[in-house]
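Report on the structure given below.
The values are calculated or read from the model by the stated rules, or taken from the named source; none is laboratory data. Worth saying up front: this structure is predicted, and the values here are computed from it rather than measured. Cβ sites come from the backbone with ideal geometry, for glycine too, and all protein chains shown count toward neighbours. Note: areas computed on protein heavy atoms with side chains; ligands, DNA, RNA excluded. Shrake-Rupley method; radii C 1.70, N 1.55, O 1.52, S 1.80 Å.
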Amino acid sequence: MLFLHLSDIHFRSKEVSRDDDPNGALRDDIIDDVKKMRAKIGRPADAVLISGDIAFAGAQDEYQFATDWLRDLLCPAAGCGMEDVFVIPGNHDVDRGKASARMHKDARETLRQLDVDAADSRLREYLSEPESSQLIFAPLDNYNAFAAQFECAIGPYDDKHPEIKPYVRRSWTLNDGSTLKFWGFSSVLVSDQFDDVNKMFVDPMGAQIQREDGVIHAVMCHHPYNWLRNGGAFKDRLEAITNLQLFGHEHTRRIEEGRWFTTIRAGAIQPERDGPNWDPGYNWIELSVEAKPDEERQLNVGIWVRKWEGQRFIAVPDLVDNEQWSVPHQLPKWTKPADAPVATAGAIADKRAPAMTDDDSTAAVKPDEPLHSTTVIRNLLELSEHDQRRIIGKLGLDQDGDQGLKRWQFVLAAVSRAKEKGLLNVLNDEVIKLIAKKE
């Protein structure tokens, strides 16, 4: 698997709408470097991982710009599709206007004053009760409307809508047939102008990840451990269970090479220019499993760390000047079942996209692949809410209780039911016909 790892993009409303956006040239350099690195590595990215702070102030127009940039520039440069984007929120994705209500303030103050165990217990109560959970997630409404197109929206637990949880998760098949399970956790359940070290809270479920045979766990969270009030149990569990941990927020690049896991702090694609140590950067991460004698296995983590310098991005080498950082981790013994798929880097590259050339800016070609649910979600979101509900009702994909759902929640619920009923293609065909008629 090959991942493009970004963080802290900070699209700002008052800048991205102007021709003199101070980060316009920087973004051009990013796209140029992604194309060159894709050609150098010799294959397209399998996914784009964004560890928070897509927007600057959680505004709708900031997310619209992010969608356009990902669709039209970054994903084509990386050789992957929009369905391959995996995102989590950061503190800049919080709409501070919605978070300023007195009840929000009271909840944050209460959680930050309690001891860790009591705060974790109270947070679980907030997440399990309908009224308080809606309060917790309301400041992320604009973020969720954006993240829904990637099936990465987060929200409270709801038995009627199991497609939404306070965390996100995605799985890929590695080259030996084992599973890479990527978890994305929110560290902005509590966030305001008083955010600081030891004041943030991560979803308590993060400390409950469980071992699975043939599964390699990886985690992405915006705030590093030292920012998390309940980070102790989270850190202990991740270091015992996971092999890869990705963070953002601090705008610093750092790779911590452990015996059992690798921790990567992303740096920032667009750091705040008036902040200290303005130093844009991003990463490419490659994961592969190597068979060793006596059925032993090893996870090889390769990292290309990139930093901006002099109108271009350059390599940040490891301690012995290798451009690619290389970290091995011993894995438990595991034998692939006879019917398990095996993916190889060459086969994936052949399937995903043609070789990258200097002027190649076309999206990846994926022949003979089944329709992806995120494609249907994005198509549905192009329609008005009235047209969405008409098509979804026509196919019997709605149910009692949907009336109170937000637009993006209703779309996700309908697509989830379409998958269960084998109607995904039928739903998409109806949507495409209506889009074409309106054009």
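Projecting the alpha carbon convex hull of the stretch 95-142 along each direction and taking the average yields 3.2 nm².
May I ask for the percentage of alpha-carbon pairs in the stretch 143-278 that lie more than 23 Å from each other?
For the stretch 143-278, the share of Cα pairs beyond 23 Å comes to 38 percent.
Taking each residue as 0.36 nm, the span from residue 96 to residue 13 lengthens on full extension beyond its C-alpha to C-alpha distance by 28.4 nm. Taking packing as the residue-averaged number of other Cβ atoms within 10 angstrom, the listed peptides 40-48, 108-116 run from highest to lowest as 40-48, 108-116. Counting only lysines at least 8 places from residue 105 when in the same chain, those with an alpha carbon closer than 20 Å to its own are 199. The calculated FRET efficiency for the pair residue 169 and residue 320, based on their C-beta separation and a Förster distance of 45 Å, comes to about 0.80. Take the solvent-accessible surface of the protein heavy atoms, probe 1.4 Å, and return the percent of it on the chain that carbon and sulfur atoms account for. So the carbon and sulfur contribution to the accessible surface is 48 percent. D by Stokes-Einstein for the chain, Kirkwood Rh over Cα pairs, 37 °C, 0.692 mPa s: 145 µm²/s. In terms of Cα atoms, the Rg and Dmax of the stretch 1-51 work out to 13.2, 38 Å. Computed from the C-beta positions of residue 73 and residue 118 and an R0 of 41 Å, the FRET efficiency is 0.30 to the nearest 0.05. In terms of overall dimensions, the stretch 211-325 has a Cα radius of gyration and Dmax of 15.9, 55 angstrom. Annotation: extensible slack from residue 106 through residue 336 equals 77.7 nm (criterion: 0.36 nm per residue apart, minus Cα-Cα distance).
Counted residue by residue at 0.36 nm each, then reduced by the alpha carbon distance between them, the extension gain from residue 157 to residue 193 reaches 10.3 nm. The residue 226 and residue 64 beta-carbon pair, evaluated with R₀ = 60 Å, returns a calculated FRET efficiency of approximately 0.95.
Once whole DSSP H runs in the chain are found, which of them have Cα atoms spread over 20 Å or more along the helix axis and a mean Kyte-Doolittle score of at least 0.0?
Working: long enough: 24-41 (26 Å, -0.45); 407-421 (21 Å, -0.34); 424-438 (21 Å, 0.33).
The qualifying helices are 424-438.
Accessible surface area normalised per residue over the chain is 44 Å², counting heavy atoms of protein chains with a 1.4 Å rolling probe. Taken about its Cα centre, the chain carries a charge dipole of roughly 520 debye when the Cβ of each Lys and Arg holds +1 and the Cβ of each Asp and Glu holds -1. In terms of the mean number of neighbouring beta-carbon atoms within 10 Å, the peptides 411-417, 98-104 order highest first as 411-417, 98-104.
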